Amino acid sequence: MFKRAEKLGEIVKNSKEIHIVTHIDADGITAGSIAYQTLKRLGKEYSIEFVKQLDEEVLGRLKDANHELVWFTDLGSSVSNTYTDIKKVITDHHACPEKSDLPFHLNPHLFGLDGSYEISGAGVTYLVSRAIDKKNMDLSSLAIVGACGDLQDRRFLKLNGANRDILSDGEKVGTIKSKIDIRFFGRETRSVQKMLQYASDPIIPGLTGRESACISFLQELGITMQDGDELRRWVDLSKDERRLIISDIAQLLLTKGFGHKTTRRIIGEVYVLTKEKEGTEVHDAKEFATLLNSTARYGKYDVGLEVCLGDRDKWLEKARNLLLGHRANLVEGLQFAREEGITKRKHLQFFHAGSGIRDTIVGIVANMLLNSEDVSGDLPLIGFANKGDGEIKVSARATQELVERGLNLSLAMKKAAIAFDGMGGGHNIAAGATIPKGKEEEFLDILEKEIKSQLYD
Ligand SMILES: [Mn+2]
């Protein structure tokens, strides 16, 4: 893989004008930023754009634009062996088509690595950046943010594979460090009670989703929640207080029959961007990723890009405001989906949000629902939302347990979407598709058959 990264680096260095095309999630934004920063440092002529997917429209436009070189990051593998008139390099980690082992194409799947947890789009892009100049090793922290954005730490409760080499690069240059801590979101930016209330992986029976229950839980443990006017965050607690909370949550899970495998998920590796200010969203890799996701979901790609490039002033403030708005939308979306109701079939469950949930957040809503107490985690959850232009966005989410039993949503969604001349794919645990409106039932029939055969044949 490193040889191939060097090869791509050569192609980049030998070009004067380079246009970056990247994906619109946290991994895509960090990948694009790494490429952007790399080209900037090389003194190239460069530009960047963010796309939801590589469709005919985008590819046609790229062809007409006649760039000297197009650098696809966190996407592009799907067109690696087509569109030969676009001169390109590709750093992606999504599934590869056959015969795509080409000198300008870097993807972990070509080298026997698993792109769903061993390296992300940002990670693959970083390998090229590092091959171009070792001075780019400071960008490794962005690659870790990308990996966290794609939930690559979820399987082993820490990053794995090539991600660990990237992590150790970051540790070497002092931009990132890993430590073992509680895995719940918001260690640094949320009050402890809010952190517990929003706990989702695993959910805490009796606490997740219940604010007053979280407050009395902490009171009973004798934890002071207030420090002057401020609510205390996880990072403000003493070691003993943290230990006490962790052991009580573990006890709670075990007595409710969740088993050791789930209980173990409370603790894992977290990644701290050491040069950033503690208590800010950019200090913790997972929170950084969430911040980026919320900029992109609302089409504000430039905001996420500027934050990745180092702005800690007005752009970070803009990103924060988008995150606040995003959270409000998620709460609304969750409520909407719950009111619509989830329909269970034998091998999947689904909801149709119509125009009630934006197509850009229906996947997150599905994921939050699947990890909530009132939705069964035994079946993958499919969410539909109107996209406009007579198209429907489909988002599918699964649990790690289902994936370990053989579920691959990326394959299943791809196969089902092809039946309607749609596009589909993603990762085994989370995938998306676009299909024509009115075909939802038929789509579910095919998808369900696929899921059944993956899990039971
Ligand atoms: Mn990605």
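Given (1) over 19 Å from the mean Cα position of the chain (by Cα); (2) surrounded by fewer than 14 Cβ atoms within 10 Å (Cβ to Cβ), where does R327 come up short, assuming only one miss?
Every listed condition holds for R327 apart from (1).
When you scan the range 137-179, how many residues do you find that are in a loop (DSSP other than H, G, I, E, B), buried (at least 24 other Cβ atoms within 10 Å of the Cβ) and of a type in the set (A, V, I, L, M, F, W, C)?
2
Per-residue answers, yes or no, for (1) under 17 Å from E450 (Cβ atoms); (2) surrounded by fewer than 20 Cβ atoms within 10 Å (Cβ to Cβ); (3) at pLDDT below 90; (4) not hydroxyl-bearing (S, T, Y):
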position: A366; (1), (2), (3), (4): no, no, no, yes
position: L381; (1), (2), (3), (4): yes, no, no, yes
position: A385; (1), (2), (3), (4): no, no, no, yes
position: K393; (1), (2), (3), (4): no, no, no, yes
position: R397; (1), (2), (3), (4): yes, no, no, yes
position: E401; (1), (2), (3), (4): no, yes, yes, yes
position: G406; (1), (2), (3), (4): yes, yes, no, yes
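Please go through the range 195-222 and pick out each residue that is among the charged types (D, E, K, R) and crowded, with 18+ Cβ neighbours inside 10 Å.
Across the range 195-222, the qualifying residue is only D201.
Taking I182, is it surrounded by 18 or more Cβ atoms within 10 Å (Cβ to Cβ) and β-branched (V, I, T)?
Here the answer is yes, as I182 does meet what is asked.
Pairs please, first residue from the range 422-445 and of a type in the set (S, T, N, Q), second anywhere and in a loop (DSSP other than H, G, I, E, B), Cβ atoms under 6 Å, 6+ apart in sequence or on different chains.
N428/S116; N428/N408; T434/G422
For D133, state whether it is over 20 Å from S78 (Cα atoms), within 14 Å of the ligand (Cβ to nearest atom) and touching a residue at least 40 places away in the same chain (Cβ under 8 Å).
no
Quick one: which residue in R358, R338, R327 is in contact with a Lys or Arg (Cβ under 9 Å, 6 or more places away or on another chain) and charged (D, E, K, R)?
It is R358.
Going through S178, S168, S238 one at a time, which residue ends up being within 16 Å of V282 (Cα to Cα) and either among the hydroxyl-bearing types (S, T, Y) or without any contact (Cβ under 8 Å) to a residue 60 or more places away in the chain (or both)?
The unique qualifying residue is S178.
Output the helices (runs of 4 or more DSSP H) that fall wholly within the range 1-116 and possess 1 or more residues being within 13 Å of the ligand (Cβ to nearest atom) and at pLDDT 95 or above, or say none.
26-42
Among the residues of the range 180-232, which ones are charged (D, E, K, R) and in a loop (DSSP other than H, G, I, E, B)?
Step one: of the range 180-232, the residues charged (D, E, K, R) are 181, 183, 187-188, 190, 194, 201, 210-211, 220, 227, 229-230, 232.
Selection gives R183, R187, E188, R190, D201, R210, D229, R232.
Test of understanding: among V145, V124, which residue is within 12 Å of the ligand (Cβ to nearest atom), farther than 15 Å from A95 by Cα and not small (G, A, S)?
Answer to the check: V145.
The rows are residues; the columns are (1) farther than 30 Å from L151 by Cα; (2) touching a strand residue (DSSP E or B) at 6+ places or on another chain (Cβ under 8 Å); (3) in contact (Cβ under 8 Å) with a residue 60 or more places away in the chain.
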| site | (1), (2), (3) |
| --- | --- |
| A5 | no, yes, yes |
| V21 | no, yes, no |
| R61 | yes, no, no |
| D64 | yes, no, no |
| V70 | no, yes, no |
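Name the one entry in D284, D302 that is within 19 Å of the chain's Cα centre (by Cα), among the acidic types (D, E) and over 18 Å from C148 (Cβ atoms). Don't jump to the end; show me each part of the working.
On the way: D284 fails: over 18 Å from C148 (Cβ atoms).
Unique residue meeting the criteria: D302.
What strands (runs of 3 or more DSSP E), lying completely within the range 372-457, carry at least 3 residues that are within 16 Å of L348 (Cα to Cα)?
Per the criteria, 381-388, 391-397, 430-436.
Any idea which of I245, I267 is under 18 Å from L221 (Cβ atoms), touching a residue at least 40 places away in the same chain (Cβ under 8 Å) and surrounded by fewer than 17 Cβ atoms within 10 Å (Cβ to Cβ)?
Of the residues listed, the single one that is under 18 Å from L221 (Cβ atoms), touching a residue at least 40 places away in the same chain (Cβ under 8 Å) and surrounded by fewer than 17 Cβ atoms within 10 Å (Cβ to Cβ) is I267.
Here is a list: I245, I267. Which entry is among the β-branched types (V, I, T) and under 12 Å from P202 (Cβ atoms)?
Going through I245, I267 in turn, just one is among the β-branched types (V, I, T) and under 12 Å from P202 (Cβ atoms): I267.
At least 2 residues that are in contact with a His (Cβ under 9 Å, 6 or more places away or on another chain) and either closer than 22 Å to Y36 by Cα or of a type in the set (S, T, N, Q) (or both) in each: list the helices (runs of 4 or more DSSP H) lying fully within the range 246-322 that qualify.
285-297
Only one of K261, K256, K300 is at pLDDT below 95 and surrounded by 16 or more Cβ atoms within 10 Å (Cβ to Cβ); which?
None of the other options fit; the residue is K300.
The values are calculated or read from the model by the stated rules, or taken from the named source; none is laboratory data. As the structure is a computational prediction, the values presented were derived from the model and not from experiment. Cβ: placed from backbone, ideal geometry, glycine included. Neighbour counts: every protein chain shown.
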